[in-house]
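Q: Quick one: the structure is below, and I'll ask about it shortly.
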Amino acid sequence: MRGTKGVREENGKNKLPETCMKVVSNIGETIFETPDLGLRITIWEAVHPSVNIFYRTFDVRNISKTSRCLRLFSNQNYRILETKIGETAVIDKQNLIHYKHDRYFLHSSAPIFDQYAAGTAEWRGFEGTWKDMENDASLSGNSVAHGSVDSTLAWTLPELKSGESTRVHYWIVLGKKYCNVLKVNKSIKEVGRALFFTII
């Protein structure tokens, strides 16, 4: 875990996202690099100091010598209130929501995910939607699941030529009321991701 001043910059290629620069807190930086696949993925993560928001930026860079067509996935598998039973995962317009009782986890992104799946996980032989992702790099489009559930989102990235990169911004808003998490998410989109971290 590093503070904003401690994040390294390598010839301008790993420059910290503007959103994270506004966070009055520590951020996390993780770098995955695989020469075999020709990819370097840098992930920056931050938690808002006063609002229940978790924020993550993926920077995907093609370090191979050829163009690449890629898809990025994120799997969500919670134990809300410390158990898997009685949870719901549902696609709500351009958002994904996991909830149980008075606990809501709203997921959104920029750009918006273009594939999704909600399904049964860790129950009667069902492993979860991550298997769908792993099998053919494509998701079923199932929009709701109840019980012991997980979910997977996907972003089809633009074609990356050698040396090019692209970013996906992803955040989770947590709250005890459905209307409240919608309100916070709306504020993030209206004022802009970077500004939101300075207005509270």
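The values are calculated or read from the model by the stated rules, or taken from the named source; none is laboratory data. Computed from a predicted model, the values in this text were never measured in an experiment. Neighbour counts are summed over all protein chains in view; Cβ atoms, including those assigned to glycine, are modelled from backbone coordinates with ideal geometry.
Q: Evaluate the following for residue 181: is it over 24 Å from residue 57 (Cα atoms), of a type in the set (Val, Ile, Thr) and modelled with pLDDT of 95 or more?
A: no
Q: Within the stretch 56-71, does at least one residue satisfy the condition of being assigned by TED's automatic domain parsing to the domain that holds residue 32 and under 21 Å from residue 184 (Cβ atoms)?
A: Looking for residues that are assigned by TED's automatic domain parsing to the domain that holds residue 32 and under 21 Å from residue 184 (Cβ atoms), one finds at least one in the stretch 56-71, hence yes.
Q: Could you tell me which of the residues 91, 112, 97 is surrounded by 13 or more Cβ atoms within 10 Å (Cβ to Cβ) and either within 14 Å of the chain's Cα centre (by Cα) or hydroxyl-bearing (Ser, Thr, Tyr) (or both)?
A: 97
Q: Report those strands (runs of 3 or more DSSP E) wholly inside the stretch 99-153 carrying at least 2 residues which are under 26 Å from residue 168 (Cα atoms), touching a strand residue (DSSP E or B) at 6+ places or on another chain (Cβ under 9 Å) and touching a residue at least 40 places away in the same chain (Cβ under 8 Å). Steps first, answer last, please.
A: Details: elements: 103-110, 115-120, 144-147.
The qualifying strands (runs of 3 or more DSSP E) are 103-110, 144-147.
Q: Another question, if that's okay. Just to be sure, is residue 172 assigned by TED's automatic domain parsing to the domain that holds residue 45, under 21 Å from residue 86 (Cβ atoms) and either modelled with pLDDT of 95 or more or not aliphatic (A, V, I, L, M) (or both)? Spell out how you get there, then give the answer.
A: Working: assigned by TED's automatic domain parsing to the domain that holds residue 45: yes; under 21 Å from residue 86 (Cβ atoms): yes; either modelled with pLDDT of 95 or more or not aliphatic (A, V, I, L, M) (or both): yes.
For residue 172, the condition - assigned by TED's automatic domain parsing to the domain that holds residue 45, under 21 Å from residue 86 (Cβ atoms) and either modelled with pLDDT of 95 or more or not aliphatic (A, V, I, L, M) (or both) - is met.
Q: Kindly indicate whether residue 55 is aromatic (Phe, Trp, Tyr), closer than 30 Å to residue 26 by Cβ and at pLDDT below 95.
A: Values: aromatic (Phe, Trp, Tyr): yes; closer than 30 Å to residue 26 by Cβ: yes; at pLDDT below 95: yes.
Judged against the criteria, residue 55 is a match.
Q: Here's something else I'd like to know. If you check residue 65 against the conditions, is it under 16 Å from residue 163 (Cα atoms), exposed (fewer than 14 other Cβ atoms within 10 Å of the Cβ) and at pLDDT 90 or above?
A: Values: under 16 Å from residue 163 (Cα atoms): yes; exposed (fewer than 14 other Cβ atoms within 10 Å of the Cβ): yes; at pLDDT 90 or above: yes.
Criteria met by residue 65.
Q: Has the stretch 33-40 got any residue that is at positive phi, surrounded by 14 or more Cβ atoms within 10 Å (Cβ to Cβ) and modelled with pLDDT of 90 or more? It would help to see each step written out before you state the result.
A: Step one: of the stretch 33-40, the residues at positive phi are 38.
Narrowing further to those that are surrounded by 14 or more Cβ atoms within 10 Å (Cβ to Cβ): 38.
Remaining after also requiring modelled with pLDDT of 90 or more: 38.
Yes; the residues of the stretch 33-40 include at least one that is at positive phi, surrounded by 14 or more Cβ atoms within 10 Å (Cβ to Cβ) and modelled with pLDDT of 90 or more.
Q: Kindly provide the set of residues from the stretch 177-194 that are in a loop (DSSP other than H, G, I, E, B) and exposed (fewer than 12 other Cβ atoms within 10 Å of the Cβ), ordered by number. Before you say what the answer is, go through the steps one by one.
A: Applying the first criterion (in a loop (DSSP other than H, G, I, E, B)) to the stretch 177-194 yields 177, 192.
Once the filter is applied, which keeps residues that are in a loop (DSSP other than H, G, I, E, B) and exposed (fewer than 12 other Cβ atoms within 10 Å of the Cβ), the stretch 177-194 yields only 177.
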